[in-house]
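Right, one structure below, let's go through it.
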Amino acid sequence: MKPASVSTKQERIAKLARENPAMAFTSLNHYLDVEWMEYAYECTRKDGAVGVDGQTAEEYAVDLQHNLTDLIDRLKSGRYRAPPVRRHYIDKPGGDKRGLGIPCFEDKVAQRAIVMLLEPIHEQDFLSCSFGFRPGRNAHQALEVLRSRIMEQRGYWVVEVDIRKFFDRLPRTTLRDSIAGRVTDGVVRRLIDKWLKAGVLESGQVHFPDAGTPQGSVISPILSNVALHHVVDEWFTQTVQPRLRGPSTLVRFCDDFVMLFAHKEDAERVLAVLGKRLGKFGLQLHPDKTRLVDFRPRRGPGDRGESSLPTSSSGSAMSGEHRGRGTRSCSSSQRTIALRVRSRRSINNAGSCGIGRLNCNANACVRCSMATMATLASAVTAGAWASCIFGCGACGTRGYRGDRGRAS
């Protein structure tokens, strides 16, 4: 449980930030006391991989009070040296590799303490379109917004966006400028710079990239949210939306986002300028993973149960089909939105549908027994997730009956 003193301090910071939206905080480091650091320690994962120093959480906890007191002194005096992060690679879909940075345990505690300072401030600025790595917000809420905008506001033209190697290429000048608008405390700013410049240990050699923030470190999610709040969220809501012909929606989960439009012309206009907007801040769209998807509902010939799949902007059908008694595994871009299938089959003929590694039961409606299934999927988190939330096209019931029981 969060100590009362920590909650009180964070509420005070949040109140100041909310009442003074243009104010930059010049003094935050005085909140870093023993109770603050103890809570940061409690929030730090204890079973993660060790960093370059090989120290485990159990070893750090042997003399915890002394270690935390010494850490506070080094953080505030400027004597703290951020150790290099150990680089580890994991497989990505398609055969690529994703590089993760693994900090030392003490470094994780220090980063958590600074995140606890930054979060109350920037949470007052972040917009409702952002869902990733924020308190009280999650992937399922993002899915619900997407479902609502597609089904109720007819946002059938979908621009799904992939920023190429975002965490590796994010310019540090963009990060510093984004943070400077709200935080000018010297201790906090110097610590962030130290973590950005700490270096990466890979194959026994330490190198120092001139851009990016280690993906996998504790502080990277909030830094990415702060940068993309300015680069994407504010730009879309304040500059783009007032110039569009019809309604539109942005849903962002950290560095992955989709934009929904009611009119194709609006989607094409935004897609045409999006690359220039990101390029202004040193970022680049992935040419193979960014696309415009036609998500308009269509029926199969004669409405006999054949499904009609959404098409890409080139007009080709997305892979996967649902016919007859079974269902072939469906596959789409691993990121965001993708397969809506309507198929009138009896419960005995129901099959299953997967998007990439995702699987979902396609079973009869709990109310009218029509086998109507729709899946919305995304891989914007570290692990992919999916949810059957579109509901029955015949009666509107949201739920399914299948191997995992009854849901609604």
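Of the residues screened, M37 is not one that is open to solvent by 50 Å² or more (accessible area, probe 1.4 Å) and not aromatic (F, W, Y).
Could you go through the stretch 207-214 and let me know if any residue there is modelled with pLDDT under 90 and either crowded, with 21+ Cβ neighbours inside 10 Å or under 30 Å from K15 (Cβ atoms) (or both). The answer is yes; a qualifying residue exists.
Restricting to the stretch 130-145, name every residue that is over 16 Å from T249 (Cα atoms) and among the aromatic types (F, W, Y). The one that is over 16 Å from T249 (Cα atoms) and among the aromatic types (F, W, Y): F133. Filtering the stretch 242-276 to residues that are closer than 23 Å to Q141 by Cα and assigned to a loop (DSSP other than H, G, I, E, B) leaves P247, C254, D255, A262. Screening L64, L68 for residues that are over 26 Å from I121 (Cβ atoms) and either surrounded by 12 or more Cβ atoms within 10 Å (Cβ to Cβ) or out of contact with any Lys or Arg (no Cβ under 9 Å at 6 or more places or on another chain) (or both) leaves exactly one candidate, L64.
When the test is whether a residue is closer than 25 Å to R45 by Cα, surrounded by fewer than 21 Cβ atoms within 10 Å (Cβ to Cβ) and within 24 Å of the chain's Cα centre (by Cα), V200 passes it. Within the span defined as the stretch 78-96, one or more residues are in contact with a Gly (Cβ under 6 Å, 6 or more places away or on another chain), of a type outside the set (K, R) and open to solvent by less than 60 Å² (accessible area, probe 1.4 Å). Taking the condition surrounded by 15 or more Cβ atoms within 10 Å (Cβ to Cβ) and closer than 27 Å to V251 by Cα, does L127 pass? Here the answer is no, as L127 does not meet what is asked.
V188 meets each of the listed conditions (1) surrounded by fewer than 19 Cβ atoms within 10 Å (Cβ to Cβ); (2) in contact (Cβ under 8 Å) with a residue 24 or more places away in the chain; (3) over 22 Å from V232 (Cα atoms) apart from (1). When G51 is tested against (1) farther than 16 Å from I114 by Cα; (2) more than 25 Å from the chain's Cα centre (by Cα), just one condition goes unmet, and that condition is (2).
The values are calculated or read from the model by the stated rules, or taken from the named source; none is laboratory data. Just so you know, these numbers come straight off a predicted model, no measurement behind them. Glycine gets a Cβ as well: all are built from the backbone with ideal geometry, and neighbour counts include every protein chain shown. Heads up: the accessible areas ignore ligands, DNA and RNA and are worked out on the full protein's heavy atoms, side chains in. Shrake-Rupley method; radii C 1.70, N 1.55, O 1.52, S 1.80 Å.
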